[in-house]
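Derivation of every value follows stated rules applied to the coordinates shown; laboratory data play no part. What you see is a predicted model, and the numbers here were worked out from it, not measured in a lab. A quick note on method: Cβ atoms are made from the backbone with ideal geometry, for glycine too, and the neighbour counts reach across all protein chains shown.
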């Protein structure tokens, strides 16, 4: 593991922040999670755009994107020296409002920038179990779901409901529609259509989610982004999750209901690999 | 300022935590804010009980209450040496789940305990301005409002709407009832009754709020804890806020509507001082 704090390269042990940093005191900061393919940061522009959006909504001044990009590239290069060729890298960017005089009152202060680099753990899961959480998504009326903020108590409460055999819990929107997992977006296949909760369900605009929708459309699969009833998830022929580090994760059990890892999921998984190959060729 | 991290006494500059602490990464921790009167921690039992509740709901193991209490007493003693006699002390307790292997996945780890001691800033505000926030409280279906978690993005979004002359913004519940401020509870006086949003509005059980209700009842004032319509706040004869460090703060303006700092507010303010005097005599 390798960490950059405000431009300084540090080891895991050295990487500390003040207990007065508002990121620690109030969760007053934003983050992004990026992974590499062939040691290149995938969809970096989209991740930086989302980071800019989150920071702007909170009035946090981001460091220059050119600085962030150069830290990312240097971090990848530095960590690559100590890992094997095939090992990909996980990157977490965090920007907080900075160190404050200890009041929720917001003053203009100097932001704290943290970038963490570590070997990406991949587990090629072939059929996981998901459960439905009793914790509802925080509605947009309280927090814009497109803000990736540090504080994630709702997701932690949801994950506390997980037993060992459960890979992910799915949260419903306040109104009871299927929303998203604590670390993933969800897709269903029914009657040859690919169905996924629309952004106005109150979910994060996942970048892997975006990529999968793009690939599905290329493959001629009908895509429906809309409000999704819970019964549709139970009735679906195929179900899978998407997230940055694990791409497409097929679901074998929705609660106790068994699903096939079917042809559409397999087609999209293969399509995702092709997409990455094309992307790296044009990098 | 003086800080205790896991039993170690540190200066402000020395007080740092790992960037891998889950309190920083995910807001995975709880807190309490305590103040002294006559250098004694006020309502310590109630604060510790609330801290226990928050921690239990998140499955965070608290250090022994006897350890926490001894740190509080020692911190007050240490800081007292460098401040004048009349100066009271502000204490913030933070307990996080601890340092993790960087995944939202919850594992049993050793919690991080932080206690911050600093001189209490008091400003005897005589008539402040409040506004109604467009940010709605996070509903209980998403996060139990009695959990005092580190992440406070909703409150930060609400405070971003504050202009300079505004002391506090009041958030409504998801259903549009008057709930609470970002750092305070709210009370109204109408037709000689003291009205305040009930806990089932989805608010924190403020300890100063509790104390004020107790005092009002002693004084023979009728108290109504219930769902409160927004129009009642605008129509109220008197309005005040309560919070740990500033006790009772009279409101002079609800948005553009002027209020009197009237007889009931004054009676309760005097009653609060008497309450403190009685408390310290029996300490």
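May I ask for the distance between the Cα centers of region A:150-174 and region B:43-107, given as a whole number of Å?
Measuring centre to centre over Cα atoms gives 26 Å.
Every other copy gets compared here: list the nm distances from the residue A:124 label point (7 Å along Cα to Cβ) to its counterparts, shortest first, one decimal.
Those label-point separations list as 7.4 nm.
Enter the angle in degrees (range 0 to 90, nearest 10) between the Cα long axis of helix B:65-80 and the first principal axis of the Cα atoms of chain B, meaning the one along which they spread out most.
The angle comes out near 80 degrees.
Separation between the residue A:230 and residue B:73 pseudo-spin-labels, each 7 Å from Cα along Cα→Cβ, expressed in nm?
Spacing of the two 7 Å Cα→Cβ label points: 5.0 nm.
Could you please rank B:187, A:113, placing first whichever residue has the fewest other Cβ atoms within 10 Å of its Cβ?
Ordered by Cβ neighbours within 10 Å, fewest first: A:113, B:187.
Defining a contact as two alpha carbons under 8 Å apart and six or more residues distant in sequence, what relative contact order in percent does region A:214-265 show?
27 percent
Note the angle between two axes, namely the Cα long axis of helix B:207-218 and the longest principal axis of the Cα atoms of chain B, as a number of degrees from 0 to 90, rounded to the nearest 10.
With rounding to tens, the tilt is 40 degrees.
Let me know the volume per residue of the alpha-carbon convex hull for region B:68-208, in Å³.
Roughly 188 Å³ of hull volume per residue.
Tell me which A residue has its C-beta closest to the axis rotating A onto B, and the distance in Å?
With distances in whole Å, chain A gives A:151, 1.
For residue B:231, which inter-copy label distances result when the label point lies 7 Å beyond Cα on the Cα-to-Cβ vector, reported in nm to one decimal and in ascending order?
3.9
Working from the pairwise distances between different alpha carbons, so that the mean of 1/r is found and then inverted, what is chain B's Kirkwood radius in Å?
20.0 Å is the Kirkwood radius here.
Would you work out if region A:93-174 is rounded, prolate or oblate? Take a ≥ b ≥ c from the square roots of the eigenvalues of the alpha-carbon gyration tensor; rounded if a/c is under 1.5, else prolate when a/b is larger than b/c, oblate otherwise.
Here region A:93-174 falls in the oblate category.
Kindly provide the Kirkwood hydrodynamic radius of region A:179-234 in Å, to one decimal, from all pairs of distinct alpha carbon atoms. If you can, show how the numbers build up before the last one.
On the way: mean 1/r = 0.0868 Å⁻¹.
One over the average 1/r among Cα pairs gives 11.5 Å for region A:179-234.
For helix A:263-281, what angle does its Cα long axis make with the longest principal axis of chain A, in degrees from 0 to 90 and rounded to 10?
40 degrees
Could you give me the radius of gyration and the Dmax of the protein assembly as shown, taking only the C-alpha atoms into account and expressing both in angstrom?
In order Rg, Dmax, the Cα atoms of the protein assembly as shown give 25.3, 79 Å.
Scaled to the compact-protein estimate 2.2 N^0.38 Å, what is the alpha-carbon radius of gyration of region B:128-281, rounded to two decimal places?
Dividing the Cα Rg of region B:128-281 by 2.2 N^0.38 Å gives 1.00.
Hey, what did chain A get for relative contact order, percent, Cα under 8 Å, at least 6 apart?
Details: 539 pairs, mean separation 50.3, N = 283.
RCO, chain A: 18 percent.
Would you look at the GNM of chain B, springs on alpha carbons closer than 10 Å, and say which of B:136, B:50, B:273 moves the most?
Looking only at B:136, B:50, B:273, the largest GNM fluctuation is found for B:273.
How big, on average over all directions, is the shadow cast by the Cα convex hull of region A:2-119, in nm²?
Mean shadow area of the hull around the Cα atoms is 7.0 nm².
With each run of n ≥ 4 DSSP H residues scored as -39500 (n - 2.57), what mean residue ellipticity at 222 nm is computed for the protein assembly as shown after dividing by its residue count and rounding to the nearest 500 deg cm²/dmol?
Counting only the DSSP helices, I get -8500 deg cm²/dmol.
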